[in-house]
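To start, the structure itself, in structure tokens.
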Amino acid sequence: MTPRPTLNITSQLHEYVLAHSKKPDAVQRSLIEETARATGNAATMQVAPDQGAFLTLLARIMGARYAVEVGTFTGYSSLAIARGLADGGHMLCCDVSEEWTAIARKHWDMGGVSDRIELRIGPARQTLESLPRDEIIDLSFIDADKESYIDYWEALVPRTRPGGVVLADNTLWKGRVVPGEDPDHNPMTEHIDAFNNHVAADPRVDAVVLTVADGLTMAVKK
Ligand SMILES: C[S@@+](CC[C@H](N)C(=O)[O-])C[C@H]1O[C@@H](n2cnc3c(N)ncnc32)[C@H](O)[C@@H]1O
């Protein structure tokens, strides 16, 4: 069977997507502006507004009560997830940067979700290993150092409840995961490709790679 071609998302088409998706509110716009001002080139690490909208809607439809994020940066994705949590829900955020997460804390305050979020500064691998090994997580989002994606996956999947969701960002790596599309042989491409193979072969989940932003893997625990 010949697969149907997927859309080529041009900048104009992405603008169209944003114009027809839930728009960033004043807090999110402030976060986008402050991230651009304060972090320079690193601002490209921030998830796109359509991804943020997706995270909020997914958390909401799942009725998520406990979420974990690996890679918080200035807080756009965590703000989005926290907004979708069920009443009484909470989330754990992992990052190594006090500086970047200070911007996150400010905007969690502005968005009225600070009381739902615990931030732990330190290598995420250690933070995740310190969690109980029970199936307590409803939703997690992996968006930190690419070389550790498989380790984060292995820490999160056993702690995810059946029916819970593990998401991972940047899994298409600007299309370079396709054989022959990364002439420089960037090690990051190999890490992402290894992660994608790992997920596809994992019998504990059903997974799909969504062509959202830079590729968003969504895996549901069986
Ligand atoms: C792509 S950014 C996350 C973007 C964020 N999800 C957002 O919506 O803005 C990656 C983050 O991972 C953090 N990071 C890198 N290595 C880490 C590690 N070993 N443990 C925890 N966080 C790490 C970086 O400090 C950075 O803030």
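The set of residues in segment 168-184 being within 21 Å of Leu7 (Cβ to Cβ) and within 16 Å of the ligand (Cβ to nearest atom) consists of Asp169, Asn170, Thr171, Leu172, Trp173, Lys174. For beta carbons closer than 8 Å, sequence separation of 6+ or different chains, a first residue in segment 47-59 that is under 19 Å from Ile137 (Cα atoms) and in contact (Cβ under 8 Å) with a residue 24 or more places away in the chain and a second that is in a helix (DSSP H, G or I) and open to solvent by 20 Å² or more (accessible area, probe 1.4 Å), the qualifying pairs are Thr56/Arg83; Ala59/Arg83.
Find the residue count for segment 36-51, including only residues that are loosely packed, with under 15 Cβ neighbours inside 10 Å and of a type in the set (Ser, Thr, Tyr). Counting residues in segment 36-51 that are loosely packed, with under 15 Cβ neighbours inside 10 Å and of a type in the set (Ser, Thr, Tyr) gives 1. Scanning for something among the β-branched types (Val, Ile, Thr) and within 18 Å of Met45 (Cα to Cα), does segment 148-163 turn up at least one residue? Checking segment 148-163: not a single residue is among the β-branched types (Val, Ile, Thr) and within 18 Å of Met45 (Cα to Cα). Test Ser21 against the stated conditions and say whether it is open to solvent by less than 50 Å² (accessible area, probe 1.4 Å), over 23 Å from Asp115 (Cα atoms) and either outside any helix (DSSP H, G or I) or at pLDDT 95 or above (or both). Criteria met by Ser21.
When segment 117-130 is examined, which residues are found to be open to solvent by less than 20 Å² (accessible area, probe 1.4 Å) and either away from the ligand (no atom under 14 Å from the Cβ) or in contact (Cβ under 8 Å) with a residue 40 or more places away in the chain (or both)? Lay out the reasoning, then the answer.
In the first step, residues of segment 117-130 are kept if they are open to solvent by less than 20 Å² (accessible area, probe 1.4 Å); the result is 122, 124, 127-128.
Of everything in segment 117-130, those that are open to solvent by less than 20 Å² (accessible area, probe 1.4 Å) and either away from the ligand (no atom under 14 Å from the Cβ) or in contact (Cβ under 8 Å) with a residue 40 or more places away in the chain (or both) turn out to be Ala124, Leu128.
For every residue, the table says whether it meets (1) of a type in the set (A, V, I, L, M); (2) more than 21 Å from Gly89 (Cα to Cα).
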{"residue": "Ile142", "(1), (2)": "yes, no"}
{"residue": "Tyr149", "(1), (2)": "no, yes"}
{"residue": "Leu156", "(1), (2)": "yes, no"}
{"residue": "Thr160", "(1), (2)": "no, no"}
{"residue": "Asn170", "(1), (2)": "no, yes"}
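Checking segment 54-68 against the condition returns no match, with no residue being near the ligand (Cβ under 9 Å from one of its atoms), under 25 Å from Leu210 (Cα atoms) and not hydrophobic (A, V, I, L, M, F, W, C). The set of residues in segment 52-91 that are open to solvent by less than 60 Å² (accessible area, probe 1.4 Å) and part of a strand (DSSP E or B) comprises Tyr66, Ala67, Val68, Glu69, Val70, Met91. For segment 88-103, the tally of residues that are without any contact (Cβ under 8 Å) to a residue 40 or more places away in the chain and more than 19 Å from Gly63 (Cα to Cα) stands at 6. Taking the condition basic (Lys, Arg) and assigned to a loop (DSSP other than H, G, I, E, B), does Lys106 pass? Considered against the rule, which asks whether it is basic (Lys, Arg) and assigned to a loop (DSSP other than H, G, I, E, B), Lys106 comes out as no.
Filtering segment 152-185 to residues that are open to solvent by 60 Å² or more (accessible area, probe 1.4 Å) and either modelled with pLDDT of 95 or more or in contact with a strand residue (DSSP E or B) (Cβ under 8 Å, 6 or more places away or on another chain) (or both) leaves Glu154, Arg161, Pro162.
The values are calculated or read from the model by the stated rules, or taken from the named source; none is laboratory data. Quick caveat, the model's predicted, so the values are computed rather than measured. Note: ideal-geometry Cβ built from the backbone for every residue, glycine included; neighbour counts use all protein chains shown. These area figures cover heavy atoms from the full protein model, side chains too; ligands, DNA and RNA do not enter into them. Shrake-Rupley method; radii C 1.70, N 1.55, O 1.52, S 1.80 Å.
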